[in-house]
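Remarks on the structure that follows.
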Amino acid sequence: MDFASHMHTALDEARAAAQRGEVPVGAVVVGPDGRVVAQAGNRTRELNDPTAHAEMLAIRAACAKLGQERLGNHDLYVTLEPCPMCAAAISFARIRRLYYGAADPKSGGVAQGARVFSHPQCHHAPEVYDGIGATQSEALLRDFFAARR
């Protein structure tokens with residue numbers, strides 16, 4: 001199967017999150033057939049839940065839809081480098097590949113900060129591809145926070 005990026009769908013979820021007043025982050029879980037299984041944007045404020053990050057919500061929805069706790073043949077697209085909590089969930093779910101847009105020097109858990117997948121106690125590390133849709137992801141975040149200052 002030819003590679004087809006689903007970052008445009010993650011960016012749509014990030015834009016919708018921004019419209020709700022949430023930090024604009026979107027995530028999409030894609031199955032082995034290349035079809036979207038689940039997608040979500042941040043909902044931490046709406047749900048009053050600090051764990052309601054886009055990645056967590058998309059992983060939960062995919063697992064519920066498929067009736068399984070692991071997503072070994074699935075890929076995750078997210079507009080921002082996952083935080084340590086989300087990186088751990090990605091590992092626990094056994095996500096095959098992680099594609100993310102903007103780097104997160106302040107709170108990232110993949111290439112920045114905790115580097116969860118490099119930790120000796122990490123049981124599974126996905127293939128990681130960064131910078132996919134980074135320009136659009138960074139612009140969404142920059143514009144969102146500029147409007148709040």
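Computed over protein heavy atoms with a 1.4 Å probe, the accessible surface of segment 86-149 works out to 57 Å² per residue. With a simple spin-label model that places each label point 7 Å from the Cα along the Cα-to-Cβ direction, the separation between Asn48 and Asn73 comes to 4.2 nm.
DSSP beta bridges fully contained in segment 1-107 are about 65 percent antiparallel. The accessible surface of segment 39-107, taken with every protein chain in place and a 1.4 Å probe, is 50 percent carbon and sulfur.
For the chain, the square roots of the Cα gyration tensor eigenvalues, ordered a ≥ b ≥ c, give a/c below 1.5, which places it in the rounded category.
Between Ala147, Pro126, Gly108, whose Cα lies farthest towards the positive end of the dipole of segment 104-149 when Lys and Arg beta carbons carry +1 and Asp and Glu beta carbons carry -1, centred on the Cα centre? Result: Ala147, furthest along the dipole toward the positive end. Computed extension length for Thr135-Asp33: 34.0 nm, one decimal, from 0.36 nm per residue of separation with the Cα-Cα distance subtracted. Could you tell me whether segment 1-75 comes out rounded, prolate or oblate from its Cα gyration tensor? Rule is a ≥ b ≥ c as square roots of the eigenvalues, rounded for a/c under 1.5, then prolate if a/b exceeds b/c, otherwise oblate. In terms of gyration-tensor shape, oblate.
When nucleic acids and ligands are ignored and a 1.4 Å probe is applied, Val128 ends up with an accessible area of around 60 Å². In this simple spin-label model, placing a label point 7 Å from the Cα along the Cα-to-Cβ direction at both His123 and Arg94 gives a separation of 0.9 nm.
When the surface is traced with a 1.4 Å probe over the full set of protein chains, Glu46 keeps roughly 100 Å² accessible.
Given a cut-off of under 8 Å on Cα pairs at least six residues apart, what relative contact order in percent is computed for segment 1-128? Answer for segment 1-128 is 19 percent.
The values are calculated or read from the model by the stated rules, or taken from the named source; none is laboratory data. Since we're looking at a predicted model, the values are computed, not measured. Every residue, glycine as well, gets a Cβ built from its backbone with ideal geometry; the counts of neighbours run over all protein chains shown. In case anyone asks, the SASA skips ligands and DNA or RNA and just uses the protein heavy atoms, side chains included. Shrake-Rupley method; radii C 1.70, N 1.55, O 1.52, S 1.80 Å.
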